[in-house]
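Shown next, in structure tokens, is the structure this report addresses.
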Amino acid sequence: MSTVLPGSLPPVSAKRMIAVLGTVACIAGVLVVTAYELTLPRIKENRRMAMAQAIDALYPTAATRRAYVVTPEGLAATNEFLPAGQVAYAVFDADNRFLGIAAEAAARGYQDVIQLLYAYSPQCQCITAIHVLRNNDTPGIGDRISRDRAFRQNFVALDVRLAPDRRQLANAIATVKHGSKTEAWQIDAISGATVTSKAVGRALHDSAQTVVPRVAAELKRISQAGDAP
């Protein structure tokens, strides 16, 4: 029986090593892309369902939802339920009565971006509810924005009325120290979760500053869209 001594194996050429590594990387890339393509429809469907459920949480009697992409020119209707860009949904009940707008908002919290969906009522010119789509802030602290009843009372009628020029909010949405709220456009922060509370305020202000003037300018068109085939 022959014995292979250390250092007696023939050297492997650099070209061969590069070829082998390239082949492995190519195969791995193909597998990753294939897996992504196979799971993409399911991912999109899960996102669609999650958004539909979020809208239903804001509007329990919702039956029809029409998506609009928020553009510098206004609200562009789209047949996609989850189009790219900032999106606002006109929501209708089973009798095609206009219920209000569900719009997206996002801002960075303590650890990550907090994503929200909020209900806007043109009738009262106010935000009437929020739904947290994503929040990775500290469990037990940052996640209180979803379950703290006193905090959620801020959004029963949060004032987002427009200024006389109809191009911007009359008052900036501002998050204030817990217990110091005096105005209808202020958000009473959660004690111990101020950073997350302020992120909610920034998200709503930035979104409403864009969405509300466009909804007001095109309210007649979008509020009657529930009758469209």
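Take the chain with all the other protein chains still there, run a 1.4 Å probe, and you get 59 Å² of accessible area per residue. Remark on CYS126: its backbone amide H falls under 5 Å from those of SER121, VAL160, a criterion applied only to residues 5 or more positions apart or on other chains, H modelled at 1.01 Å from N. For LYS181, the lysines whose Cα falls under 21 Å of its own Cα, not counting residues fewer than eight places away in the same chain, are LYS198. Note on segment 97-154: Kirkwood hydrodynamic radius from all Cα pairs is 12.4 Å, rounded to one decimal.
Over the Cα atoms of segment 133-177, compute the convex hull volume and normalise it per residue, giving Å³. Show your work: numbers first, answer last.
Numbers: hull volume 5.0 nm³, N = 45.
It comes to 112 Å³ per residue, whole-number rounded.
Taking θ = phi - 60°, what integer Hz values does the Karplus form 6.51 cos²θ - 1.76 cosθ + 1.60 yield along segment 94-109, in sequence order, with x for Gly and Pro? Computed from phi, the couplings for segment 94-109 are 5, 9, 6, 7, 5, 9, x, 10, 10, 10, 8, 8, 7, 7, 6, x Hz.
Expressed in Å, the radius of gyration and Dmax of the Cα atoms of segment 88-214 are 14.2, 44.
Separation of segment 166-202 and segment 48-94 by C-alpha centroid, Å? Using only Cα atoms, the two centres lie 25 Å from each other. Residues whose amide H lies under 5 Å from that of LEU99, counting only those 5 or more places away or on a different chain, are VAL91, PHE92, ASP93; hydrogens are built 1.01 Å from N in the peptide plane. Using the Karplus relation 6.51 cos²θ - 1.76 cosθ + 1.60 with θ = phi - 60°, the per-residue 3J(HN,Hα) values for segment 154-161 come to 4, 10, 6, 7, 7, 5, 10, 5 Hz, with x marking Gly and Pro. When restricted to Cα atoms, the chain yields an Rg and a Dmax of 25.3, 97 Å, respectively. Taking amide hydrogens as placed 1.01 Å from N in the peptide plane, the amide H of ILE114 sits under 5 Å from those of ALA107, ARG108, GLY109, each at least 5 positions away in sequence or on another chain.
Hydrodynamic radius of segment 37-98 by the Kirkwood approach over all distinct alpha-carbon pairs: 12.7 Å. Percent of accessible area on segment 121-229 owned by carbon and sulfur, 1.4 Å probe? Exposed carbon and sulfur together represent 48 percent of the surface. Excluding same-chain neighbours fewer than eight residues apart, the aspartates and glutamates reachable from LYS177 by a Cα-Cα span under 14 Å are ASP188.
The values are calculated or read from the model by the stated rules, or taken from the named source; none is laboratory data. Note that the structure is predicted; figures quoted are calculated from it, not measured. These accessible areas exclude ligands, DNA and RNA; they are computed on the full protein's heavy atoms, side chains included. Shrake-Rupley method; radii C 1.70, N 1.55, O 1.52, S 1.80 Å.
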